[in-house]
């Protein structure tokens, strides 16, 4: 349980925004894991059911059949992309929270300067050090999520294209 005390020490040095960043980080990674599991397991079953329903249809060529096909592709796209905007919002929020922590930390540095004057360089350096921790943490959380958000977006686009191809019309189109 040494890592718990290390997180506590880190949060104590970085201030209250570190705890908010920790919550955002947990939400971000929960969404990433949920999307990976959804793409790997849940959507495969859903895709198979939709493809089977389409292939069992007698009519693939009428205007109505084409609209049903478009609806199936749109539904699949909505399911695949459902959590991605929230994930991207959480990623964008992390550096902003880090900057908020830095600003509040710098305010405390200016308070030290106001009380003790500029003669205590060590106190100022310690305050600046503590003020930069939230920015670093926010950037680390955001950068770690950017790769996965881009990869999940790519996977969603590929799955939609593959699903769209699976709903192809037969060769004797009218």
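The values are calculated or read from the model by the stated rules, or taken from the named source; none is laboratory data. Fair warning: this is a prediction, and the values are worked out from it, not measured in the lab. All Cβ positions, even for glycine, are placed from backbone atoms using ideal geometry, and neighbour counts span all protein chains on display.
Of all residues in the range 1-52, those satisfying the criterion of being closer than 22 Å to residue 159 by Cα, over 18 Å from the mean Cα position of the chain (by Cα) and exposed (fewer than 12 other Cβ atoms within 10 Å of the Cβ) are 41, 45, 48, 49, 52. Comparison of 135, 118 shows that the only residue that is over 30 Å from residue 42 (Cβ atoms) and not in a helix (DSSP H, G or I) is 118. The residues on offer are 130, 154, and the sole one that is buried (at least 19 other Cβ atoms within 10 Å of the Cβ) and either under 28 Å from residue 25 (Cβ atoms) or at pLDDT 95 or above (or both) is 130. Only one of the numbered conditions (1) free of Cβ contacts under 8 Å to residues at least 40 places away in the same chain; (2) loosely packed, with under 15 Cβ neighbours inside 10 Å; (3) part of a helix (DSSP H, G or I) is violated by residue 106, and that is (2).
Looking at the range 53-65 only, could you name the residues that are assigned to a helix (DSSP H, G or I), surrounded by 10 or more Cβ atoms within 10 Å (Cβ to Cβ) and without any contact (Cβ under 8 Å) to a residue 60 or more places away in the chain?
Selection gives 53, 55, 65.
Candidates 12, 47, 34: the one that is touching a helix residue (DSSP H, G or I) at 6+ places or on another chain (Cβ under 7 Å) and assigned to a helix (DSSP H, G or I) is 47.
Consider residue 89 carefully, then state whether it is over 27 Å from residue 152 (Cα atoms) and surrounded by fewer than 18 Cβ atoms within 10 Å (Cβ to Cβ). Here the answer is no, as residue 89 does not meet what is asked.
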